[in-house]
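First comes the structure, then the notes that go with it.
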Amino acid sequence: TGSPATQRTQAPDRLTMALPRDKRLTQERDFASILKEGKTVKGSFFVIKARKQTKTVQNRFGVVVSARVAHRAVDRNNIKRTLTETFRTFKAPWTGLDVVCLVNRNCSQKSEQAIRELRDMLETLNL
């Protein structure tokens, strides 16, 4: 249906498992303001900073994994993917929060204990 150029530009008919762009923190200034002004929740694997935002009712999420936590970029990205997927599937009891998750050194890849801790910490957020 149509020319080959038209077919290439259309989005594929499949479900995406990624966190939608409107639910991600992408701007450096957003990260900076949350880290400066946000409420802190500390755990053994993570430090979560969160603050109410007034722009939308969407919850937005960002992850910070330093090179000290995982030296290889591929390991840092795997940690980010795992945590982002955990947030995507989490049914938040609140709306309109910006959440930044800072990963500590003792967080290993795909640790079930770390994922459980993140879910518990997200449930305790109350702003």
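The values are calculated or read from the model by the stated rules, or taken from the named source; none is laboratory data. Here the structure is a predicted model, which is why all the values come from computation and not from measurement. Every residue, glycine as well, gets a Cβ built from its backbone with ideal geometry; the counts of neighbours run over all protein chains shown. Remember, those area values only see protein heavy atoms, side chains included, never the ligands or the DNA or RNA. Shrake-Rupley method; radii C 1.70, N 1.55, O 1.52, S 1.80 Å.
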Some residue of the stretch 64-82 being without any contact (Cβ under 8 Å) to a residue 24 or more places away in the chain, out of contact with any Ser or Thr (no Cβ under 6 Å at 6 or more places or on another chain), in a helix (DSSP H, G or I) and of a type in the set (A, V, I, L, M): yes
All positions within the stretch 83-98 that are in contact (Cβ under 8 Å) with a residue 60 or more places away in the chain and assigned to a strand (DSSP E or B): D98
Evaluation of L83 against (1) open to solvent by 20 Å² or more (accessible area, probe 1.4 Å); (2) within 22 Å of F31 (Cα to Cα) (one fails), failing number: (1)
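Filter the stretch 28-60 for residues that are among the basic types (K, R) and open to solvent by less than 40 Å² (accessible area, probe 1.4 Å); which is modelled with the lowest pLDDT? So that I can check it myself, show each step before the final result.
Taking the stretch 28-60 first, the residues among the basic types (K, R) are 29, 36, 39, 42, 49, 51-52, 55, 60.
From the residues that got through so far, the ones that are open to solvent by less than 40 Å² (accessible area, probe 1.4 Å) too are 49, 60.
On the way: K49: 95, R60: 92.
Here the answer is R60.
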Which numbered condition A92 fails, given (1) modelled with pLDDT of 90 or more; (2) surrounded by fewer than 16 Cβ atoms within 10 Å (Cβ to Cβ); (3) under 16 Å from T124 (Cα atoms): (1)
